[in-house]
Amino acid sequence: MLEQANPVGDAPPGIKQAEIEELLSKITEIESYLELFARERSHSLSQSHRRVRAITQEGQIQVKPQLPMDILGVYILQAGKIRNS
């Protein structure tokens, strides 16, 4: 569904700031999900490296998540209506 979405506008700066502050204040509530995601991704990457190393017969590698995760960006996507100009 997200691939089919088209931007139709932008929220005023004050509203964007308030929504981002609210989201960031609640980041601790999803920390366990973020850690689980990081562990799953590190396991997947480790398995991928093992397959390549088995084919190339090179040394071993250890992949582990660096926790807590760094949050590099936040997106808040909201449904909107196309306005007629």
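A few remarks follow.
- Exclusive hit being open to solvent by 100 Å² or more (accessible area, probe 1.4 Å), outside any helix (DSSP H, G or I), modelled with pLDDT under 90 and over 30 Å from Asn6 (Cβ atoms), set Lys81, Lys64: Lys64
- Meets criteria (open to solvent by less than 100 Å² (accessible area, probe 1.4 Å) and either modelled with pLDDT of 90 or more or touching a strand residue (DSSP E or B) at 6+ places or on another chain (Cβ under 6 Å) (or both)) for Leu24: no
- Within segment 1-20, tally of residues that are surrounded by 10 or more Cβ atoms within 10 Å (Cβ to Cβ) and either touching a strand residue (DSSP E or B) at 6+ places or on another chain (Cβ under 6 Å) or modelled with pLDDT of 80 or more (or both): 8
- Among residues that are touching a residue at least 60 places away in the same chain (Cβ under 8 Å) and either touching a strand residue (DSSP E or B) at 6+ places or on another chain (Cβ under 6 Å) or open to solvent by 80 Å² or more (accessible area, probe 1.4 Å) (or both), Leu45 is not included.
- In the set (1) of a type in the set (D, E, K, R); (2) surrounded by 10 or more Cβ atoms within 10 Å (Cβ to Cβ); (3) at pLDDT 85 or above; (4) outside any loop (DSSP other than H, G, I, E, B), Arg53 fails one condition alone, (3).
The values are calculated or read from the model by the stated rules, or taken from the named source; none is laboratory data. What you are looking at is a predicted structure, and each value in this text was computed from that prediction instead of being measured. Here Cβ is always computed from backbone atoms with ideal geometry, including for glycine, and neighbour counts include all displayed protein chains. With ligands, DNA and RNA removed, areas are computed over all heavy atoms of the protein, side chains included. Shrake-Rupley method; radii C 1.70, N 1.55, O 1.52, S 1.80 Å.
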